[in-house]
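Accompanying notes for the structure given below.
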Amino acid sequence: MKSNLDLAVGFARTGVTGYGGGPSTIPLIEYEAVKKYEWMTEDEFGQTLALANTLPGPIATKMAAYIGYKVNGNLGAMVAILAHIIPSLFGMLFMLGLLYKYRTSPIVGGMVQGVTPIIGIMLLEMAYKFADKARKGLGLPIAFGLGGVSLVLIQFLNLHPGIMIGACLLGAFIVAVYKNRTKKVSEDMYEPRKEKSV
């Protein structure tokens with residue numbers, strides 16, 4: 001029961017404070033899932049985020065579904081999704097008319113401009129964490145190389161990020177299989193032959 005309550009409270013917070021859409025919500029979800037409730041490690045969160053980006057649909061609800069399922073199965077997934085979307089749904093219905101009515105007001109414009117730098121800093125902090133993990137896992141040259149290629153393909157050639165993530169996952173899988181086979185062949189070659197007992 002407590003896990004469902006924690007899921008409801010945690011994802012309600014991300015739904016209420018996640019101003020600016022899915023990407024700006026991810027650091028908030030990471031805080032709840034990794035730091036506050038310790039439902040997963042930073043590495044698990046990064047892997048889940050990468051996989052969620054390859055699937056269609058809003059990133060925040062996919063993360064809520066996975067984390068909820070990890071914590072308490074199907075019920076946990078449902079609780080996390082509903083807790084995340086219901087506050088913003090009601091908030092949107094309530095505020096949409098008000099904001100639309102006063103959309104040209106300098107107060108509303110100032111609110112948006114005031115929140116934007118905070119979202120930028122949160123995303124920058126998350127980008128740094130992922131870059132540091134990539135550097136430690138792949139090494140600096142490969143991490144920078146993949147980052148540069150990704151920047152060109154996604155930003156300048158308009159390749160969908162999901163395709164790039166899928167290609168990197170496939171490449172990593174192929175390399176891991178190749179390394180595993182090479183290691184196995186190497187071990188078989190250098191394994192001393194057992195002498196037949198007389």
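The values are calculated or read from the model by the stated rules, or taken from the named source; none is laboratory data. Every value quoted in this text rests on a predicted model; they were computed, and no experiment measured them. When we count neighbours, we look across all protein chains shown, and the Cβ atoms used for this are built from the backbone with ideal geometry, even at glycine.
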Verdict on Leu75 being surrounded by 11 or more Cβ atoms within 10 Å (Cβ to Cβ) and part of a helix (DSSP H, G or I): yes
Enumeration of residues in the range 35-44 that are in contact with a helix residue (DSSP H, G or I) (Cβ under 6 Å, 6 or more places away or on another chain) and farther than 18 Å from Gly15 by Cβ: Met40, Glu42
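Matching residues to (1) modelled with pLDDT of 80 or more; (2) closer than 30 Å to Phe11 by Cα; (3) in a helix (DSSP H, G or I):
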{"position": "Ser88", "(1), (2), (3)": "no, yes, yes"}
{"position": "Gly91", "(1), (2), (3)": "no, yes, yes"}
{"position": "Thr104", "(1), (2), (3)": "no, no, no"}
{"position": "Val108", "(1), (2), (3)": "no, yes, yes"}
{"position": "Ile118", "(1), (2), (3)": "yes, yes, yes"}
{"position": "Tyr128", "(1), (2), (3)": "yes, yes, yes"}
{"position": "Leu159", "(1), (2), (3)": "yes, no, no"}
Gly46 being small (Gly, Ala, Ser) and either assigned to a loop (DSSP other than H, G, I, E, B) or modelled with pLDDT of 90 or more (or both): no
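Okay, residues lined up against (1) touching a residue at least 40 places away in the same chain (Cβ under 8 Å); (2) more than 23 Å from Ala64 (Cα to Cα); (3) surrounded by 13 or more Cβ atoms within 10 Å (Cβ to Cβ):
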| position | (1), (2), (3) |
| --- | --- |
| Gly110 | no, yes, no |
| Ile118 | no, no, no |
| Leu138 | no, yes, yes |
| Leu153 | no, yes, yes |
Residues that are of a type outside the set (Lys, Arg) and either under 17 Å from Ile165 (Cβ atoms) or exposed (fewer than 11 other Cβ atoms within 10 Å of the Cβ) (or both), drawn from the range 125-135: Met126, Ala127, Tyr128, Phe130, Ala131, Ala134
Those residues of the range 115-143 which are under 18 Å from the mean Cα position of the chain (by Cα) and of a type in the set (Ser, Thr, Tyr), in sequence order: Tyr128
Residue among Thr25, Thr104 that alone is surrounded by 13 or more Cβ atoms within 10 Å (Cβ to Cβ) and out of contact with any strand residue (DSSP E or B) (no Cβ under 7 Å at 6 or more places or on another chain): Thr25
